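Reviewing the structure listed below.
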Amino acid sequence: MLKILIQSPLPLDLHPFVHQLAYFFGYNDFDLKHTFKLLGLLGSLEKIAQTLNVAHIVGSSHQVEPDNLLTLQCFMKLKNKNVFKSKWNETNQMLLTPLALYGLVQTIR
């Protein structure tokens, strides 16, 4: 989405990329894949949804629209549990950091 907004190739360096990401989307964005991992929610999206007691309402898995809806429902479930208000996750003793992108940050315990 960022590439569409800036209408040019994505920056090759991490710092300019994160700066542009924050400029367009704000500084309080969480990468859900990274967040799920930090919270100990491992496996497929369907498995994470089951763990969070979120029902797969429409369509079949691995299709864009149903998976996006399921991702949103998982996010809302975590948001309603105030996971994103307290950056420190007591259960896993992890720091939930905005703009921490899966694969680009190391998990520090």
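Across the range 36-77, the qualifying residues are those that are touching a helix residue (DSSP H, G or I) at 6+ places or on another chain (Cβ under 6 Å) and loosely packed, with under 13 Cβ neighbours inside 10 Å, and the one among them that is nearest to LEU101 (Cα to Cα) is SER61. Does the range 46-67 hold any residues that are under 16 Å from the mean Cα position of the chain (by Cα) and modelled with pLDDT of 90 or more, and which are they? Answer for the range 46-67, where residues must be under 16 Å from the mean Cα position of the chain (by Cα) and modelled with pLDDT of 90 or more: GLU46, LYS47, ILE48, ALA49, LEU52.
Taken over the range 23-49, the criterion of being of a type in the set (Phe, Trp, Tyr) and either without any contact (Cβ under 8 Å) to a residue 24 or more places away in the chain or not in a loop (DSSP other than H, G, I, E, B) (or both) is satisfied by TYR23, PHE24, PHE25, PHE36. The requirement of being more than 12 Å from LEU101 (Cα to Cα), among the acidic types (Asp, Glu), part of a helix (DSSP H, G or I) and more than 14 Å from the chain's Cα centre (by Cα) is fulfilled nowhere in the range 9-22; no residue meets it.
The values are calculated or read from the model by the stated rules, or taken from the named source; none is laboratory data. None of the values given here were measured: they were computed from a predicted structure. No Cβ is skipped: glycine too gets one built from the backbone with ideal geometry, and neighbour counts run over all protein chains shown.
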